Amino acid sequence: MLSNACKYAIRAVIYLALHSDEKARHGVRTIAEELEMPQPFLAQLLRKLATNRLVSSVKGPGGGFFLDQSNRDNTIWEIISAIDGTYKFDECFLGLSKCDDVNPCPVHHLVSPFKDELLQDFRQKTIATLAEEIEEKGRVISLKGFLEK
């Protein structure tokens with residue numbers, strides 16, 4: 001449902017939520033290495049996120065990307081909207097041109113509740129809340145180091 005670009009962007013923002021603040025900034029190279037992402041592609045995504053005020057950045061020596069409090073108050077939905085747009089969530093699961101509660105496709109009744117719950121979570125969960133949950137529950141955003149012997 002989400003593009004690779006969007007998945008990378010969400011992981012990068014979560015990384016910044018866990019590892020940055022206004023004094024601890026990270027360059028694209030560090031983030032790309034930690035999350036095992038292509039550095040040039042990540043640089044484009046971070047610039048787009050910065051333009052949309054979803055991450056903060058400082059240029060020059062000691063610069064880099066970070067999240068301030070206003071960035072942490074953003075939601076996952078805002079990242080999805082900036083990178084992918086919202087049209088994918090309006091599309092039929094089976095690709096039919098018209099599918100809704102009045103004219104449902106064969107799987108609409110299965111997919112619709114899942115999609116509604118997912119959208120609600122994406123729209124309500126802030127980056128700060130997600131980062132707290134990750135720290136509490138020990139979830140990972142990268143497998144780097146897990147597969148090394």
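Number of residues in segment 16-45 that are touching a Leu at 6+ places or on another chain (Cβ under 7 Å), part of a loop (DSSP other than H, G, I, E, B) and of a type in the set (A, V, I, L, M, F, W, C) equals 0. Annotation note: Cβ proximity below 9 Å between a residue of segment 39-58 that is polar (S, T, N, Q) and a residue that is part of a strand (DSSP E or B) (sequence gap 6+ or interchain) occurs for SER56/PHE65; SER56/PHE66; SER57/GLY64; SER57/PHE65; SER57/PHE66.
Suppose the filter is in a loop (DSSP other than H, G, I, E, B) and either touching a residue at least 12 places away in the same chain (Cβ under 8 Å) or not acidic (Asp, Glu) (or both); does VAL13 pass it?
Values: in a loop (DSSP other than H, G, I, E, B): no; either touching a residue at least 12 places away in the same chain (Cβ under 8 Å) or not acidic (Asp, Glu) (or both): yes.
Against the criterion (in a loop (DSSP other than H, G, I, E, B) and either touching a residue at least 12 places away in the same chain (Cβ under 8 Å) or not acidic (Asp, Glu) (or both)), VAL13 does not qualify.
Evaluation of ILE127 against the conditions (1) modelled with pLDDT of 90 or more; (2) farther than 22 Å from GLU33 by Cβ; (3) within 19 Å of the chain's Cα centre (by Cα) shows that the sole unmet condition is (2). Which of (1) in a helix (DSSP H, G or I); (2) touching a helix residue (DSSP H, G or I) at 6+ places or on another chain (Cβ under 7 Å); (3) closer than 23 Å to GLU133 by Cβ is the odd one out, the single condition LYS48 does not satisfy? Result: LYS48 passes all but (3).
Report, by residue number, each residue of segment 12-25 that is surrounded by 20 or more Cβ atoms within 10 Å (Cβ to Cβ) and not β-branched (Val, Ile, Thr).
Of all residues in segment 12-25, those surrounded by 20 or more Cβ atoms within 10 Å (Cβ to Cβ) come to 12-17, 20.
Correct list: ALA12, TYR15, LEU16, ALA17, SER20.
For segment 106-120, taking the residues that are hydrophobic (A, V, I, L, M, F, W, C) and farther than 18 Å from THR86 by Cα, the one that is farthest from the chain's Cα centre (by Cα) is identified as VAL107. Take the conditions (1) free of Cβ contacts under 8 Å to residues at least 12 places away in the same chain; (2) in contact with a helix residue (DSSP H, G or I) (Cβ under 9 Å, 6 or more places away or on another chain); (3) surrounded by fewer than 16 Cβ atoms within 10 Å (Cβ to Cβ); ALA32 misses just one of them, which is (3).
ALA50 meets the conditions (1) small (Gly, Ala, Ser); (2) exposed (fewer than 13 other Cβ atoms within 10 Å of the Cβ); (3) at pLDDT 95 or above in every case but one. The failed one is (2).
The set of residues in segment 86-108 being surrounded by 12 or more Cβ atoms within 10 Å (Cβ to Cβ) and either on the phi > 0 side of the Ramachandran plot or not in a loop (DSSP other than H, G, I, E, B) (or both) consists of LYS88, PHE89, HIS108. Of all residues in segment 85-114, those that are within 25 Å of ASN4 (Cβ to Cβ) have Cβ atoms under 9 Å from Cβ atoms of residues that are among the hydroxyl-bearing types (Ser, Thr, Tyr) and outside any loop (DSSP other than H, G, I, E, B), 6 or more apart or on another chain, in PHE93/SER112.
The values are calculated or read from the model by the stated rules, or taken from the named source; none is laboratory data. Predicted model, so just to flag it, every value in this text is computed and none were measured. Ideal geometry is used to build each Cβ from the backbone, glycine not excepted, and the neighbour counts take in all protein chains shown.
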